[in-house]
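This report refers to the structure that appears directly beneath it.
The values are calculated or read from the model by the stated rules, or taken from the named source; none is laboratory data. Keep in mind the model is a prediction, meaning the values are calculated, not measured. No Cβ is skipped: glycine too gets one built from the backbone with ideal geometry, and neighbour counts run over all protein chains shown. Only protein heavy atoms, including side chains, enter the accessible area calculation; ligands, DNA and RNA are left aside. Shrake-Rupley method; radii C 1.70, N 1.55, O 1.52, S 1.80 Å.
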Amino acid sequence: MVEYHKKQVIVLPILEDHYIIMPKVKRHILGGATWELPAGGIKGGESEEEGALRELREETGISIFDISRLKEETTLIISQNRLPMFPSIFSIDVGVDEFEQRNQHDHEVESVSSFTFEEIKELITTGKIFTSITISILARFLLSREIAST
């Protein structure tokens, strides 16, 4: 278990309502790289929203500065006092141009890709996406879409 000493954020970047953008982050302790959502800690003086957009830029190269585009998602924690450093979750809609014109991501990221919703399900079921927070956020997003369409 990792305990963070500063506020954490995580971002669900949705591309054209058909894809999810994910960085493959180098995790040497795990012996390789893992598909994750952009995430990290708030830096001095940043709001959660500013930190979320900075993490998106650093880990995907997508430069968005308008915090009004972020949608705050419901936390996955029922009892905040049990896990006070659980990340704030945001989603953001990303345009094709923004994705295609992205800058270089930081050195901790091996690659950045977009996956269809069906590909995301396959990556989860085959164990290629395996971090619990990423699976939880993706599963909730995909299930809510399926429920809304019925």
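For the stretch 30-56, what are the residues that are assigned to a loop (DSSP other than H, G, I, E, B) and charged (D, E, K, R)?
Those that are assigned to a loop (DSSP other than H, G, I, E, B) and charged (D, E, K, R): E36, K43, E46.
Kindly list the number of the only condition in (1) open to solvent by less than 30 Å² (accessible area, probe 1.4 Å); (2) assigned to a loop (DSSP other than H, G, I, E, B); (3) among the polar types (S, T, N, Q) that fails for T75.
Of everything listed in (1) open to solvent by less than 30 Å² (accessible area, probe 1.4 Å); (2) assigned to a loop (DSSP other than H, G, I, E, B); (3) among the polar types (S, T, N, Q), T75 misses just condition (1).
Can you run down the residue pairs with Cβ atoms below 6 Å, 6 or more apart or on separate chains, where the first is in the stretch 110-122 and touching a residue at least 12 places away in the same chain (Cβ under 8 Å) and the partner is surrounded by fewer than 18 Cβ atoms within 10 Å (Cβ to Cβ) and part of a strand (DSSP E or B)?
Pairs found: E110/K26; E110/A33.
Exactly one of (1) surrounded by 18 or more Cβ atoms within 10 Å (Cβ to Cβ); (2) at pLDDT 95 or above; (3) farther than 15 Å from P13 by Cβ is unmet by L53. Its number?
It is condition (3) that L53 fails.
When you go through (1) of a type in the set (A, V, I, L, M, F, W, C); (2) within 24 Å of L30 (Cβ to Cβ); (3) surrounded by 19 or more Cβ atoms within 10 Å (Cβ to Cβ) one by one for I133, which number turns out not to apply?
Checking I133 against (1) of a type in the set (A, V, I, L, M, F, W, C); (2) within 24 Å of L30 (Cβ to Cβ); (3) surrounded by 19 or more Cβ atoms within 10 Å (Cβ to Cβ), the one that fails is (3).
Only one of these is out of contact with any helix residue (DSSP H, G or I) (no Cβ under 6 Å at 6 or more places or on another chain), among the charged types (D, E, K, R) and open to solvent by 80 Å² or more (accessible area, probe 1.4 Å): E108, E98. Name it. Quick ask: steps written out before the conclusion?
On the way: E98 fails: open to solvent by 80 Å² or more (accessible area, probe 1.4 Å).
Unique residue meeting the criteria: E108.
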